[in-house]
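The structure appears below as structure tokens.
Each reported figure results from applying straightforward, stated rules to the coordinates on display, with no laboratory input. Note that the coordinates shown come from a computational prediction; the quantities given were computed from them, not determined experimentally. Glycine also receives a Cβ, built like all others from the backbone with ideal geometry; neighbour counts cover every protein chain displayed.
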Amino acid sequence: MRWLARLSLSVVLAAASEAASAEPLHAKIDQLIESQATGVEIAPSADDAEFLRRVSLDLAGRIPTVAEANAFLSDKAEDKRSVLIEKLLTGPDYPRRMQELFHVMLMERRGDNDEWLKFLRVCFEQNKPWHVMARAILNPDADNDELRGAAFFVTQRLVSEGAMAPVDVPGLTRDVGRLLAGVDLQCAQCHNHLTIPHYYQKDFQGLHMIFENVQTRRDVQFPAVSEKVMQAKKEFKSVFEQVALQTGPVVPGRGEVEIPVFEKGEEFAVAADPKTRKPGVPKFSPLNELATGLAAKENDIFTKNIVNRLWFVMMGRGLVEPLDLQHADNAPTHPELLNLLASEFVAHEFDIRWLLGELARTNTYQRSSMLPGEAEPPRESYAVAIEKRVSAEQLYWSVGIATGRFDAVRRSIRKGLVDAKKPEEEIKTIDEATLEELVAKSDELKTALADFKTNFGSGPKEPEVEFEPSVKGALYLMHESKIQKCLESGSATLVEDLLKTETDQAAIDHLFLRLLTRKPTDEERQQLASYLEENKERRSEALANVAWAMLTSTEFVVNH
Amino acid sequence: MNPQFCNSAEHGVSRRRVLGAIGGTTAGLGLGALGGMVQPAVGEELAKSDKQILLLWLDGGMSQLESWDPKPNTRFGGPLRSISTSLPGVHISELMPKTAKLMHHLATVRTMKTEDANHSSGVPKILRGHPKNRGVVYPFWGSAVAKVMGPTKSGLPPYLWVKPGSGGFISKYAGFLGAKYGALALGDGKPPTNLVRPETLSEQNANERRELQQLFNQRYAARRRKGSNEANSYVYDVAEKLMQNQKLFDESLLPDKDRERYGKHDFGRHTLLARNLIEAGVRFVQVTSYGWDTHGDNFNAHASRMPKADQVYAALIEDLIDRGMMDNVLVVMMAEFGRTPRINGSVGRDHWPNAWSLSMTGTGIKKGVVVGETLADGTDVKTEPYDIGAMFHTWYQAVGIDSKKVEFMNGTQPLPIAHDDMAPVKELLA
């Protein structure tokens, strides 16, 4: 990947000049997007309601509550969108949302681990720079209590899947390339890539040998790895030519690393301890070379990978697609923009929160998802906001909030404590519990969260990119008893609240604001009023039916 | 223009009528209880067709040398022998004794020559029929058939995919046709959970919910890009159809004799389910068997895999004959390529698109033919090579679709359903 190394210098230089310029990034982004969106009709800005729903899903991982919606929609301040973005980025939901997002992105639903989730949570609570996170993943430090769980990225991929499926080191190699450098080297495992001229077998083999040298530690309970002593280059052959080749460890985007030679007996910085079974620490750590070399500001593919992924998260399309296929012949749709994002991200010390904020402030992000005319403009024009997949987690929190199922569970736990005459202090902890804490206290809510991941997440190892609804998801929402409960008074507050409204009109307005974050159109108001009027003898059923239809509508299940 | 002459504009008009139907919502499923979505009256001729397709896909690339085109006692022949078949003079691998007895019911092509030796790009190329590049993403075969022919009158989803591992709705296979023509994958052949409506939800409420949902969706979709709402609506439509066919998925209802004949391994169980899905009226069923990428230890791998494929294929053909289904079901067994004659350092065979084989039978196909011949050592074709595009023409023709006339509509742009420079292989057509 020598071409990639050459590119990096220009990025560093560009970084210096961009940082000096006063114009904020979001304004420059809009200029670059709009200058390329010629010949298409650009949609107007989303109205406040659509913007609020979108940005809440993106940065808080859930739809807004009725109170939040009322507050934002009645706010007259000119800068209220910018204020809201800042509030969400520094709010209590942000670390949870980012944890969920990066967990799915990096682990692709291979399984959960508390230490790993703690690593992600801590990083986003403290807004750790991305290169620090990536280095923690690639060269985990078992002595750092907060970050050591990052090793799960590697250890979970080194778990054997049974006798017929040996440990998939090539799969781990591939994922490091895909997820941290945006290059999928899989096809270069056995030969230089046939159709991508810059993916070499040496790149794959040189990265692969770093992980062949890694072992999962058995002496500790948390995810941790150790390395063996690496002394020799690796021999490999192309399946086409059968000529013997060799390589040392290769860092994606940076090149081969020399293997230092130590006297026999001098290889270890820390010797192994047979008593505790603690493995030794070699003086030469290929993982350290990988971590510091790959996750570095000089490494263009590292930076571009993450800014492309964050752009995708906010805008619904990568500047480079597929997200893991950066190479010279797969040009970004907006090359100058990708360079700009990369250089500014480096200039801002890999600050994910800052970049998400700048993206959210763009007109590009804030456009309406409604087509301005008959034609569907190309997605890459960003002339109309692109609808995005709502993750299983976003859907879970949103359904629970909208139906008041969480409120009802809180109420019932509280009642249990009051009936048992528990002290005020304990009752107060329930009143103040976050939604996550509430879920931790309820087996049913916990199971439901797992259900949502199964029914609305992709399978293990399948990246979640586009909106791909499934029949199993539809059947879950149609028939699952936990969903039915969300629509019953007693076990959720939505229908209870609706039954308390004095007029059908008030009930309809409440439904729309609470579930869809908007007002009904006149036509909708009329249609629903006549439906409720016709079924007034069975009002709670009719209201539950309307609520179900809203919850399962496309408007609810995609982020628009 | 002289009205006496048959002018092409008139053909254009009549053809466009068919195209309009295909470009419309022929594949929209009747919704029964809702009544809101009506099967369009146009295009009924195609929709009424009772032709169906069953594709057995050997993912990773089955070796032609250990199956349809053995070359024993040659440089690259490997250790396995060949056996005679029910077709005089035709030999296939000794790993396929059951199929050998049925060769007179099959058509075999031994001169497939395609372009791509990668799995990641080769699989989609073959499954799309490798058409000319028109700047659009072409649909996989099953999605194309779902679009062109729609569901059968059974109303079942037109494209089901039985596979090991997880299931779900795979919309990306539909390419430019739009999400709803994607594959419904039945992971490990299992139906989706929650298929049964709980007693606490009355039929009336269930119906009203769907009608109201439709109302919200229509309003939302009126001003949005098509894809999301199509996909979301479609999964609910499919869910309802599957609810009406719950018995199909109950393995305990299958006779033991059938389960023995197909084999209790995944490929056997999944193909038996596929047979039942076809019988129930699914338009296109694909069964995938993974693990054919035998770069190492090719011969032991085929010695273990091939007899299962043999068992499955033979049982299926016998059933189609017994049940009189050969006249309306097209069956194809293939992979994305074959394997190299050259045996590599790991006693494996690598990817080989240059000269490989596939098999077909059923409706519209001539029985008991072997088309094409490879060189004595199998390193290349000796007679005319066939690209997958020619096969697509042949298969469309076999199920009664004129692949030279019927086109997709991508907006206003007509696109051929198979490679425009290629044609059906006449020797394969009955």
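Summary table
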read-out	value
Efficiency of FRET from Cβ geometry, A:E321 and A:S35, R₀ 22 Å, rounded to 0.05	0.60
Structure-based [θ]222 nm, chain B - -39500 (n - 2.57) summed over DSSP H runs of at least 4, per residue, nearest 500	-10000 deg cm²/dmol
Per-residue Cβ neighbour rank within 10 angstrom, fewest leading, B:I53, A:I483, B:I321, A:I413	B:I321, A:I413, A:I483, B:I53
Sequence of A:H510, B:H295 once ranked by neighbouring C-beta atoms within 10 Å, starting from the fewest	A:H510, B:H295
DSSP bridge pairs, region B:65-220: antiparallel proportion in percent, nearest 5	60
Paramagnetic reach from A:T195 (point 7 Å along Cα→Cβ, amide N under 20 Å) across region B:387-404	B:387-392
Linear extension gain, A:L417 paired with A:D273, 0.36 nm per residue minus alpha-carbon span	46.8 nm
Label-point separation in nm, A:Q215 to B:S86, each point 7 Å along Cα→Cβ	5.9
Per-residue mean of C-beta atoms belonging to partner chains within 10 Å, peptide A:451-463	2
Residue with peak Gaussian network fluctuation, chain B [Cα springs, cutoff 10 Å], from B:L177, B:L253, B:L102	B:L253
Extension gain, A:A71 back to A:S540 (0.36 nm per residue minus Cα-Cα distance, nm)	166.0 nm
Extension reserve of the B:R75-B:Y290 stretch, reckoned as 0.36 nm per residue once the Cα distance is removed	74.6 nm
Sites A:Q526 and B:V136, calculated FRET efficiency, Cβ-Cβ separation with R0 41 Å, nearest 0.05	0.50
Percent of C-alpha pairs per 10 Å bin, chain A, short to long	3, 16, 25, 24, 17, 10, 4, 1, 0
Helix runs (DSSP H) in chain A reaching 30 Å along axis by Cα, Kyte-Doolittle at least -0.5	none
Projected label distance in nm at B:K101 and A:N144, using a 7 Å step from Cα toward the beta-carbon	6.7
Label-point separation in nm, B:R259 to B:E199, each point 7 Å along Cα→Cβ	2.9
Share antiparallel - DSSP beta bridges, the protein assembly as shown, percent rounded to 5	60
Ellipsoid equivalent to the protein assembly as shown - semi-axes via the Cα gyration tensor, in Å	46, 40, 29
Fewest-first sequence of B:T111, A:T521 by Cβ atoms within 10 Å of each Cβ	A:T521, B:T111
Stokes-Einstein D in µm²/s, Kirkwood radius over Cα pairs - region B:276-385 at 37 °C with 0.692 mPa s viscosity	205
Note, ³J(HN,Hα) from phi for region B:107-114, Karplus 6.51, -1.76, 1.60, rounded to Hz, x at Gly and Pro	10, 10, 10, 10, 10, 6, 9, 10
Positive-end residue, region A:389-559 charge dipole about Cα centroid, Cβ charges, pick of A:F556, A:I508, A:A440	A:A440
Chain A, relative contact order [Cα under 8 Å, separation at least 6], %	18
Amide H contacts of A:R367 (H built 1.01 Å from N, under 5 Å, at least 5 apart or other chain)	A:A46
Calculated FRET efficiency for the pair A:K87/B:A430, C-beta based, R₀ 51 Å, to 0.05	0.10
From phi via Karplus (6.51, -1.76, 1.60), per-residue ³J(HN,Hα) for region A:143-150 in Hz, x at Gly/Pro	8, 9, 4, 6, 9, 4, x, 4
Reachable aspartates and glutamates from B:K153, criterion Cα separation under 13 angstrom, eight or more residues apart if same chain	B:E44, B:E45, B:D50, B:E279
Of the DSSP H helices in chain B, those whose Cα atoms cover at least 18 Å axially and whose Kyte score averages -1.0 or more	B:8-23, B:226-243, B:266-280, B:298-322
Charged-residue dipole, Cβ positions (Lys, Arg, Asp, Glu), the protein assembly as shown about Cα centre, Debye nearest 20	1860
Cα gyration tensor category, rounded, prolate or oblate, for region A:389-559 with a/c compared to 1.5	oblate
